[in-house]
Amino acid sequence: MRYETIKSVLLVFLVITSGVLTWNLWIFQPTYEFNDKKHVHEVSISDPKDIGDVIRPVKLLLHMNSNHYGIVDEKKVDETLQELSGWTFYDLGEERIFSRDQIKGLAQNEKTLELIFPDLVPFDLYKGILRLEAEKLPQGSFDRLFILWEDREHEDGTAYFLDSKEGKVYESHVNSDHLKALFNRLKNQESQFDKFEPYELPDGRLKYLPAKETIMFKYKYYADYIEPEKFRDALFKDPLLVRNDNGEKFKDSTSRMDVDESTNTIFYVNPSQAADAKTNQVDPDLLKKSIEFINEHAGWTDNYKYFSIDPSTQKTTFQLFLKGYPVFNREGMSEIKLYWGKEEVYQYRRPYFGLDVPLPHPAKINMPSGEEVMDTLLADPNIDITKLQELILGYRIYKDPETNKVIVLEPSWFYLYDGSWERYVMEDVRGNLRGLG
C-alpha cells in the first residue's frame, strides 16, 4: 500500500512539473540582440586621422612687394597652419559678393598670404582648426584664405575667407602682432620658396604659376599590400554571410565588393542605397561624415588628403599626396572616392595598398615652367579656354612594367579640364594631352 502511495505522489509531481514546463515554453519569448550597426566599426586597417590632418591647404602663395612665391612643401605649409591655429579670427562677418577684379585685388596688396584649399571647406567643420569668432558662424564654406597686412602701426590686419566658386567673401580680423611675426618669418625664409608669376588667361582669370623650371624626382616604392578580406570585414554587416568568388568578388544579399588585382583597388557598392535622383541641396555634413566613415575602419593607408566634393552626386574624394604634390591615376590607384546614398555609403572605391619602402637613387627631372605649359595648352585648338580650370604639378602613379611589386611615381603637369584631371604630356603635345595613364 505504501508503495502504491509513493507511485501516486510521484506521478502527481511529474504531471504538475510537466504542466509548469509546458506553460513556460508557451509564454517564453527569447530576447535576440540585433546589431544594426555596420560591421565597419569593428575593424581597424590602419590609423584614424583628425579632421585637421585630412583637410589641409595644398599651396601657400606669398605676395610681397610685387613679388610672388609659392609653397607646397608639407612641412612648411604645416608650420604656417600651426601658427595660424593659435590666432583668433574675430568679427567674422556675413557673406558678401566680390567681383572677379575685387578677388584679384586681394592678392595685389604689398603683403598678403594666400592659403589655397583643394575644394570648399565648411566653416562649421574647420572651426576646430582655426579659431573663428562670430556672433553666428556662417553656414557657408571657403576654399581660399587671404590674410592682408597693411603695415600700419596699431591696426589689426584683415582676413578674407573666399568661396571662389560663388564669389562669396567673409571678412574677419586678426591681431597685428601675430601678423608682424608671421610676415617677418616668411620674409626670412623667402629664399626657400619658389618664384611664381601671375598668368592672365584670355577670359580675365589670373593664375599664379611657377616662373622657372621645377626640379622634381621620379620615385619608385615597394608597396605594402592590405588583404582585401580586411575591407570585406569592415564593409559588410556580417562577413560570415559573404560569398567569396576566387578572392575577386565578395557578395551578400545586399552588397558587393569587387577586387581588381591589376590595379590593386576595390569597388564596394550597396545598390539598396542608390539615391532616387540627384540633389542640388548641399549637405553640410557630407565631408564630415565621409571622414568619419573612413575613420571607422581606419582606412587611411597612406598620405591621403581631402581633394574635392560634389554635392550634386554626394561624392567626396581624398587624394594621395607625395612631397606636397597630388598623385593621379585614371584607374583609381591614387584616390579614395565615396558616393553617399539614402542613408549610408552607396559606392566606395579605393586602393588596397600603401607606399612602403622607397628605392634608392630617384631620377631627377626638370619640369617646364608653368608659363610654358599654359602657352602650349592655349595654343591647342581643341582646348576650350572656358573649360580650363587649373594647372598644377603632381605625380602619375603606375606599376613598374618590369615588376609588379614596384610602384612608380613620375612627375607631370596636370590640368583640370571640364571637371576632369588630365595629364599634360610634353612629347607630341597635341596628340597626347589627354589621359592620366
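The values are calculated or read from the model by the stated rules, or taken from the named source; none is laboratory data. Quantities reported herein were computed from a predicted structural model and do not represent experimental measurements. Counting neighbours? That spans all protein chains shown, and the Cβs are built from the backbone with ideal geometry, glycine included. Note: accessible area is taken over every heavy atom of the protein model, side chains too, but ligands, DNA and RNA are not part of it. Shrake-Rupley method; radii C 1.70, N 1.55, O 1.52, S 1.80 Å.
If you take the residues in the range 310-335 that are in contact (Cβ under 8 Å) with a residue 60 or more places away in the chain, touching a Ser or Thr at 6+ places or on another chain (Cβ under 9 Å) and polar (S, T, N, Q), which one is nearest to Trp421 (Cα to Cα)? Here the answer is Asn329.
If you take the residues in the range 87-118 that are free of Cβ contacts under 8 Å to residues at least 60 places away in the same chain and in a loop (DSSP other than H, G, I, E, B), which one is surrounded by the most Cβ atoms within 10 Å (Cβ to Cβ)? Step by step, filter the range 87-118, then rank; the result is Asn109.
Might you let me know whether the range 286-293 holds any residue that is within 25 Å of Arg256 (Cβ to Cβ), in contact with a helix residue (DSSP H, G or I) (Cβ under 8 Å, 6 or more places away or on another chain) and not in a strand (DSSP E or B)? Yes: one or more hits.
The set of residues in the range 297-353 that are aromatic (Phe, Trp, Tyr) and open to solvent by 40 Å² or more (accessible area, probe 1.4 Å) comprises Tyr339, Tyr346.
When the range 229-274 is filtered for residues that are within 27 Å of the chain's Cα centre (by Cα) and assigned to a loop (DSSP other than H, G, I, E, B), the ones remaining, listed by number, are Phe236, Lys237, Glu248, Ser255, Glu261, Ser262, Thr263, Asn264, Asn270, Ala274.
Of everything listed in (1) under 24 Å from Ser66 (Cα atoms); (2) surrounded by fewer than 20 Cβ atoms within 10 Å (Cβ to Cβ), the single unmet condition for Leu145 is (2).
A single member of Tyr69, Tyr32 is at negative phi and at pLDDT below 90, and it is Tyr32. Residues that are open to solvent by 70 Å² or more (accessible area, probe 1.4 Å) and acidic (Asp, Glu) were ranked within the range 180-219; the one that is nearest to the chain's Cα centre (by Cα) is Asp194.
Table: residues versus (1) modelled with pLDDT of 90 or more; (2) under 27 Å from Lys323 (Cα atoms); (3) not hydrophobic (A, V, I, L, M, F, W, C).
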{"residue": "Gln281", "(1), (2), (3)": "no, no, yes"}
{"residue": "Pro284", "(1), (2), (3)": "no, no, yes"}
{"residue": "Ile291", "(1), (2), (3)": "yes, yes, no"}
{"residue": "His297", "(1), (2), (3)": "yes, yes, yes"}
{"residue": "Lys305", "(1), (2), (3)": "yes, yes, yes"}
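May I ask you to verify whether Tyr160 is assigned to a strand (DSSP E or B), in contact with a Gly (Cβ under 7 Å, 6 or more places away or on another chain), open to solvent by 20 Å² or more (accessible area, probe 1.4 Å) and not acidic (Asp, Glu)? In short, no. Scan Val373, Val406, Val429 and give me the residue that is modelled with pLDDT under 95 and more than 26 Å from Thr316 (Cα to Cα). Among Val373, Val406, Val429, only Val429 is modelled with pLDDT under 95 and more than 26 Å from Thr316 (Cα to Cα).
If we scan the range 169-191, do we find a residue that is assigned to a strand (DSSP E or B), within 21 Å of Val72 (Cα to Cα) and not hydroxyl-bearing (Ser, Thr, Tyr)? Taking every residue of the range 169-191 in turn, none turns out to be assigned to a strand (DSSP E or B), within 21 Å of Val72 (Cα to Cα) and not hydroxyl-bearing (Ser, Thr, Tyr).
Taken over the range 303-318, residues that are more than 8 Å from the chain's Cα centre (by Cα) and basic (Lys, Arg) amount to 1.
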